[in-house]
Structures are given as structure tokens and as C-alpha cells.
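The values are calculated or read from the model by the stated rules, or taken from the named source; none is laboratory data. Remember, predicted model here, so these are calculated numbers, not experimental data. Methodologically, a virtual Cβ is constructed for each residue, glycine included, from the backbone with ideal geometry; neighbour enumeration extends over all protein chains shown. Areas reflect the complete protein model, heavy atoms only, side chains present, ligands, DNA and RNA absent. Shrake-Rupley method; radii C 1.70, N 1.55, O 1.52, S 1.80 Å.
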Amino acid sequence: MLKKPEITSETLAKWQFVVDQISELASVPATLIMHTRDQQHDVRVKSAGDENPYVEGQSFELHNKLYCFGVLDNDAELCVEDATIDPRWDDNPDLEYGMSFYVGLPLKWPDGSVFGTICMLDRSNNKRALMFRKGLRQFRRIVEDDLALLEEIEHRKSAEAKLQNELASREALISKRTKDL
């Protein structure tokens, strides 16, 4: 399997715009793009605003009490309207930030492997965010399209480097044979 490409600053800026738009449209204080590697789940991009308690780069160890674990474990959307009354989530670490409402979706690379999640969080049941779930799915497509584009760029760079090496090798061979003649 090929190494996954780095996320460019241009892509991160685009994702920043995306999470800020989601927070504004859904009226949530926190929208996050999380990146998952092994058992680490990191805040890659967070919506701007004083009400968002999360910090870019903040890392969580994946375990069954994290909302995002539920998304990844089921490979599907997770909606938790009020974690304080839901026994599955009533000891969720996000409650330390007061975030009892959650809607999240998995983010995937083109090969189907996990990149992470995109999610909205709030301190109370948010009817507007519930109605915005279809919009969140559309924004997920934007992020996944960016992942596919980054992978395609990396693939083309690799193919171009191989072609350049092959060309240099053939030029050296032609030069040698020309000298020999």
C-alpha cells in the first residue's frame, strides 16, 4: 500500500472554510475534522470561534466511549442528541467540554481506508443541526474529494519521477552506445 500524501496548507485552508461554514449553517459551536492513525484521533481542523473548546492538534486515544469511535466502529453516521441521558455515551470524554450533542460521519481515502471523521458538536440538543445532516454529508464529499485529489497528485508525481529516471537511464545508455560506435 502506498504511503498516504500529506495534507497541503491549501487543502487545510479549504477545510477551515468548510468547518466554519458548517458551524454557521448548523448553529453549532464546534465542527471538527479529525484524523485517525492507529489508535490516535487528532483534531486536524476546528471551526473558529470562542465557543469551540477543542484545540487544533489535540489528540485522543480511540476507545469505545468516544463519539468518533462509534462512527468508525459502525462505519456510519452517528447521531447523539443528548449524551447525558444515553447510557452508551453518558461518560463520554466530550462531556468534560459540555458537548452532549454530536453528529459525525466517517471520512475515507479513495481506497476505503479511514482518514478520520467530520463532526458537529453542541452543548444541547440542536434541532437545526439535526436538519443539517444532509448538508454535513455534502461537506464530507468535499473533504473526501480533496483526499482523492491529493492521492492522485501524489500518484502522478511518483509516476513522473519514474519516467524521468527511465528517461535519464535511456539517455545514458544511448550516450554510451554512441561513444562506443
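A search for C-beta distances below 8 Å between a residue of the stretch 34-59 that is at positive phi and any residue that is surrounded by fewer than 22 Cβ atoms within 10 Å (Cβ to Cβ) and assigned to a strand (DSSP E or B), counting only pairs 6+ apart in sequence or on different chains, returns GLY57/ASP42; GLY57/VAL43.
Across the stretch 1-14, the qualifying residues are those that are out of contact with any strand residue (DSSP E or B) (no Cβ under 9 Å at 6 or more places or on another chain) and surrounded by 13 or more Cβ atoms within 10 Å (Cβ to Cβ), and the one among them that is farthest from TRP109 (Cα to Cα) is LYS14.
The set of residues in the stretch 15-40 being open to solvent by 60 Å² or more (accessible area, probe 1.4 Å) and within 12 Å of the chain's Cα centre (by Cα) consists of ARG37 alone.
Among the residues of the stretch 143-154, the ones that are closer than 23 Å to MET99 by Cβ and open to solvent by 60 Å² or more (accessible area, probe 1.4 Å) come to 0 in all. Evaluating LEU62 against the criteria (1) within 25 Å of LEU25 (Cβ to Cβ); (2) among the aliphatic types (A, V, I, L, M); (3) touching a His at 6+ places or on another chain (Cβ under 7 Å) leaves one unmet condition, (1).
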